[in-house]
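The values are calculated or read from the model by the stated rules, or taken from the named source; none is laboratory data. Please read all numbers here as calculations on a predicted model, not as lab measurements. As a convention, Cβ positions derive from the backbone with ideal geometry for all residues, glycine included, and neighbour counts pool all protein chains shown.
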Amino acid sequence: MSKLWGGRFTKQTDQLVERYTASITFDQVMAEEDIEGSLAHVTMLGKCGILPEADVEKIKDGLHQVLQQIRRGDMDYSVSDEDIHMNIEKTLIDLIGPVGGKLHTGRSRNDQVATDMHLYLRKRVVMFVDLLGQLQGALLKQAEANLDTIVPGYTHLQRAQPILFAHHLMAYVSMFERDIERFVDSYKRINTLPLGAGALAGTTFAIDRHFVAAELGFDRVYENSLDAVSDRDFIVEFLSNSSLVMMHLSRLCEELVLWSSTEFQFVELDDAFCTGSSIMPQKKNPDVAELVRGKTGRVYGHLVGMLTVLKALPLAYNKDMQEDKEGMFDTVETLEGALRLFTPMVETMKVNRDRMRQAVRQDFSNATDIADFLVNKGLPFRQAHEVIGKTVLYCIQQNKYLLDLSLDEFRQFSTLFDERIYDVLQPENVVNARDVYGGTAAVQVTAAIERAGSALSNTLSWVQQHASTRS
């Protein structure tokens, strides 16, 4: 059978061209969105008197039949029908006859595909906000359970200052909060309707774009028809936001890999989220964390690829823009898989508090507090810094730590030292001395957990408010 658009052509499309240009192998994931948009469009055509009501009802009934076929897995997709839009329209015509061809009145595949992607992506953005909130919840539970767990804080992967393990986890809660904010903010640009723009210039039919927007739950319509069919900013923004989420996950992955190693032994990941070795029976590998870390580059690649496709395209639609979908679909799948695995992996993670405490007592991460002690005694910080540097060097040479030194040993570097230095150096006191907003003191971390809990409640409320777009 000839193409639905084949009237202009005198030859059949070369089979290689059909295979190369078809998108049905991947864009079929938008089948339900395509029907959702078509139902709203044909309802509008009837409301505006463009199609008789009898035709509208017949088309709507046929679309519901096609939808049930798709949901049952009975849809026979054909490469010769190119894409999801043409496959559905062809199936509709086969079901209800030529009247099915009236569905395309007043629209183009250009504004139709853009609408499908907006519908598809807004559902996934709500899902990702939900999944990020769930991950935050898992981190908050671990933080609440570790408000008295002290761990070395690092810079340059060298021990720097002791902090609460809860404080460390809360850093990721903050990162994911920014990710949530970015997705929520992007929703208003995703939730803009392009349908009604036609191929690029609008349509001669007296359609009602705002009615369609209301039917589909869009907040607004595109102001310019050229922009409506050529805009892929919302996909670039989604890929960018997803890349940031993956980057944050990857940083946490790296720490989980380090922390679960024999050298650190700070945490143990549940067996359900690790794998073994085919040759070394003692191995327990943090493969989930490693693979999420690896897949980060995959998502970055989709972002760069999309930007490259768009960088020199003239207005309006060009076939290049078919390349907008596979990267988007793969990013959705990759990010969803990572987030669904990460939450239970964090929830079931065991924290080795004793090993963390041992690590804090076997380093010089409390050295800054000695300098602060001397500064409070009136010594300029630069001089205090030099004093402590020499003190630490002495400890290294003597195979001691700061708390191992006698008062006489301290006083050989400065006569300002007194017995209070031993209290200053206790890990709990070092941590709780950082009692500033955003600091690692227990009172500040407790307050941060409370604030994060309130923010999470707001996130869950937003998800519930927009949950209808996920159905």
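Some notes on this structure:
- Verdict on Thr415 being more than 22 Å from Gln161 (Cβ to Cβ) and surrounded by 15 or more Cβ atoms within 10 Å (Cβ to Cβ): no
- Among residues of the range 331-356, those that are in a helix (DSSP H, G or I), farther than 18 Å from Val288 by Cα and out of contact with any strand residue (DSSP E or B) (no Cβ under 6 Å at 6 or more places or on another chain), counted: 3
- All positions within the range 149-177 that are assigned to a strand (DSSP E or B) and free of Cβ contacts under 8 Å to residues at least 12 places away in the same chain: Tyr154, Thr155, Gln158
Residue by residue, here is whether (1) surrounded by 12 or more Cβ atoms within 10 Å (Cβ to Cβ); (2) out of contact with any helix residue (DSSP H, G or I) (no Cβ under 7 Å at 6 or more places or on another chain); (3) modelled with pLDDT of 95 or more holds:
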{"position": "Tyr437", "(1), (2), (3)": "no, no, yes"}
{"position": "Ala442", "(1), (2), (3)": "yes, no, yes"}
{"position": "Ala447", "(1), (2), (3)": "yes, yes, yes"}
{"position": "Ala452", "(1), (2), (3)": "yes, no, yes"}
{"position": "Arg470", "(1), (2), (3)": "yes, no, no"}
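- Count of the range 63-96 residues which are free of Cβ contacts under 8 Å to residues at least 40 places away in the same chain, in a loop (DSSP other than H, G, I, E, B) and either under 32 Å from the mean Cα position of the chain (by Cα) or within 25 Å of Tyr317 (Cα to Cα) (or both): 1
- Some residue of the range 219-236 being under 13 Å from the mean Cα position of the chain (by Cα) and within 30 Å of Thr203 (Cβ to Cβ): no
- Any hit, the range 65-73, residues being of a type in the set (D, E, K, R) and within 30 Å of Val236 (Cα to Cα): yes
- Enumeration of residues in the range 23-47 that are aliphatic (A, V, I, L, M), at pLDDT below 95 and surrounded by fewer than 21 Cβ atoms within 10 Å (Cβ to Cβ): Ile24, Val29
- Residue in the range 212-255 that is surrounded by the fewest Cβ atoms within 10 Å (Cβ to Cβ), counting only those that are touching a strand residue (DSSP E or B) at 6+ places or on another chain (Cβ under 7 Å) and among the aromatic types (Phe, Trp, Tyr): Tyr222
- Criterion violated by Ile180 - all others in (1) assigned to a helix (DSSP H, G or I); (2) free of Cβ contacts under 8 Å to residues at least 24 places away in the same chain satisfied: (2)
- Applying a threshold of 9 Å to beta carbon distances and a minimum spacing of six or more residues, or different chains, the list of pairs starting in the range 278-304 at a residue that is of a type in the set (Phe, Trp, Tyr) and ending at one that is crowded, with 17+ Cβ neighbours inside 10 Å reads Tyr300/Leu239; Tyr300/Ser243; Tyr300/Met246.
- Condition met for Ser78 (small (Gly, Ala, Ser) and surrounded by 18 or more Cβ atoms within 10 Å (Cβ to Cβ)): no
- Filter pass, Gln265 being modelled with pLDDT under 95, outside the structural domain of Ala22 (by TED's automatic domain parsing) and over 26 Å from Asp227 (Cβ atoms): no
- From the list Leu307, Leu315, the one residue that fits, being touching a residue at least 24 places away in the same chain (Cβ under 8 Å), assigned to a loop (DSSP other than H, G, I, E, B) and exposed (fewer than 15 other Cβ atoms within 10 Å of the Cβ), is Leu315.
- Sole residue being among the polar types (S, T, N, Q) and farther than 30 Å from Arg124 by Cβ, chosen from Asn458, Asn432: Asn432
- Counted residues, the range 323-348 - those being within 30 Å of Leu313 (Cα to Cα) and not acidic (Asp, Glu): 8
- Every residue from the range 139-148 that is among the hydrophobic types (A, V, I, L, M, F, W, C) and either outside any helix (DSSP H, G or I) or surrounded by fewer than 20 Cβ atoms within 10 Å (Cβ to Cβ) (or both): Ala145, Leu147
- Screening Val288 with (1) closer than 25 Å to Ile24 by Cα; (2) crowded, with 18+ Cβ neighbours inside 10 Å gives one miss only, at (1).
- Residue pairs whose Cβ atoms lie under 6 Å apart, separated by 6 or more positions or on different chains, with the first residue in the range 364-392 and free of Cβ contacts under 8 Å to residues at least 40 places away in the same chain and the second of a type in the set (Phe, Trp, Tyr), are Val375/Phe381; Val387/Phe413; Lys390/Phe413; Thr391/Phe413; Val392/Phe364.
- When Arg209, Arg189, Arg232 are checked against the criterion of being of a type in the set (D, E, K, R) and not assigned by TED's automatic domain parsing to the domain that holds Thr343, a single residue qualifies: Arg209.
- The range 97-123, residues that are among the charged types (D, E, K, R), buried (at least 23 other Cβ atoms within 10 Å of the Cβ) and assigned to a helix (DSSP H, G or I): Asp111, Asp116, Arg122
- Among all residues of the range 200-209, there is none that is touching a helix residue (DSSP H, G or I) at 6+ places or on another chain (Cβ under 6 Å), among the hydrophobic types (A, V, I, L, M, F, W, C) and buried (at least 24 other Cβ atoms within 10 Å of the Cβ).
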